[in-house]
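Shown next, in structure tokens, is the structure this report addresses.
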Amino acid sequence: MDYAARYQTLAIERRGANGAVLDIRMRATNGKLPTAGHDGHRELAEIWRDVSADDTVRCAVLRGEGMGFSGGGDLAMVQDMTTDDAVRQRVWKEARDLVYNIINCDKPIVSAMHGPAVGAGLVAGLLADISIATKNAKIVDGHTRLGVAAGDHAAIVWPLLCGMAKAKYHLLLCEPVSGEEAERIGLVSLAVDEAELLPRAYEVADRLAAGSQSAIRLTKYALNNWLRQAGPTFDASLALEFMGFAGADVREGVASLRERRAPNFG
């Protein structure tokens, strides 16, 4: 698999014994934060099919670069989604594929989250089989702040991880969650000091790569049936989110973000 030729917004390297661990780094935009533009959103959805099909890979690590794990959707792409139905439908399919491709990828995935963790990157970060965050990471689902329903991964996994009461509190209010608090409520697997993030993620990945592949992959498949059962809930939430991209509130949400002010939803 020639990952370098296939992916431009993701930097992909092999590490570990026999290169069995795939290190996937979301590239930072302008050296600050990785953001999901048109290409980045598509590639983040597609990479998991390739990971699953690559017989030389036993585990994947997903991480960000620069100031954080992920900075959310590029506002230019979001703007296009509000005005172009073809773009809206394409991104909807990619958002659907991102979730299901991670769930159905037979290789275990480890996420290593630092700094802000928002948007499509957060989808992958929280759906990863082992999610590790720095204690001071800032996890935010900002959909309602933007003026659309919390689709993406929210309805399929947040209530299962941290319970409905906490899920509603954080999703309805876009209330940030620190990595330390995320571990306490069960939203992530582990919270560590920043210096420990990558060493711990690589240690976990190496252990997964060295283990019984059939046992690990079949255990992941069985456990992810909890998520597959929630598929209709996810499909509905995603449809409601993308219906919102054709509405008035999202236009105000985008404008308020561009102008760095609080939104006025009327």
Checking Gly142 against (1) open to solvent by 20 Å² or more (accessible area, probe 1.4 Å); (2) of a type in the set (Gly, Ala, Ser); (3) touching a Leu at 6+ places or on another chain (Cβ under 6 Å); (4) touching a residue at least 60 places away in the same chain (Cβ under 8 Å), which single condition isn't satisfied? (3)
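If you go through segment 81-92 one residue at a time, do you hit one that is under 16 Å from the mean Cα position of the chain (by Cα), more than 17 Å from Gly247 (Cβ to Cβ) and in contact (Cβ under 8 Å) with a residue 40 or more places away in the chain?
No, there is no match, as no residue in segment 81-92 is under 16 Å from the mean Cα position of the chain (by Cα), more than 17 Å from Gly247 (Cβ to Cβ) and in contact (Cβ under 8 Å) with a residue 40 or more places away in the chain.
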Given the conditions (1) farther than 25 Å from Phe245 by Cβ; (2) buried (at least 22 other Cβ atoms within 10 Å of the Cβ), report the number of the one that Leu44 does not fulfil. (1)
Consider Glu46 carefully, then state whether it is closer than 23 Å to Leu171 by Cα and in a helix (DSSP H, G or I). no
Within segment 14-28, restricting attention to residues that are aliphatic (A, V, I, L, M) and outside any strand (DSSP E or B), which residue is surrounded by the fewest Cβ atoms within 10 Å (Cβ to Cβ)? Ala17
Here the residues within segment 148-161 that are touching a residue at least 12 places away in the same chain (Cβ under 8 Å) and open to solvent by 20 Å² or more (accessible area, probe 1.4 Å) are Ala149, Ala150, Asp152, Ala155, Leu160, Leu161
Give the residues of segment 2-46 that are among the aromatic types (Phe, Trp, Tyr) and more than 20 Å from Arg96 (Cα to Cα), sorted by residue number. Tyr3
Just one of Arg63, Arg96 is open to solvent by 10 Å² or more (accessible area, probe 1.4 Å), in contact (Cβ under 8 Å) with a residue 60 or more places away in the chain and either in a helix (DSSP H, G or I) or of a type in the set (Gly, Ala, Ser) (or both); which is it? Arg96
Residue satisfying condition, being part of a loop (DSSP other than H, G, I, E, B) and modelled with pLDDT of 95 or more, within set Asn101, Asn136: Asn136
Can you tell me which residue among Ala222, Ala191, Ala205 is among the aliphatic types (A, V, I, L, M) and surrounded by fewer than 18 Cβ atoms within 10 Å (Cβ to Cβ)? Ala222
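The values are calculated or read from the model by the stated rules, or taken from the named source; none is laboratory data. From a predicted model like this one, the values you see are computed outputs, not experimental measurements. Don't worry about glycine lacking a Cβ; one is built from the backbone with ideal geometry, like all the others, and counts go over all protein chains shown. Ligands, DNA and RNA are stripped out before the accessible areas are found, and what is left, the full protein with its side chains, is counted by its heavy atoms. Shrake-Rupley method; radii C 1.70, N 1.55, O 1.52, S 1.80 Å.
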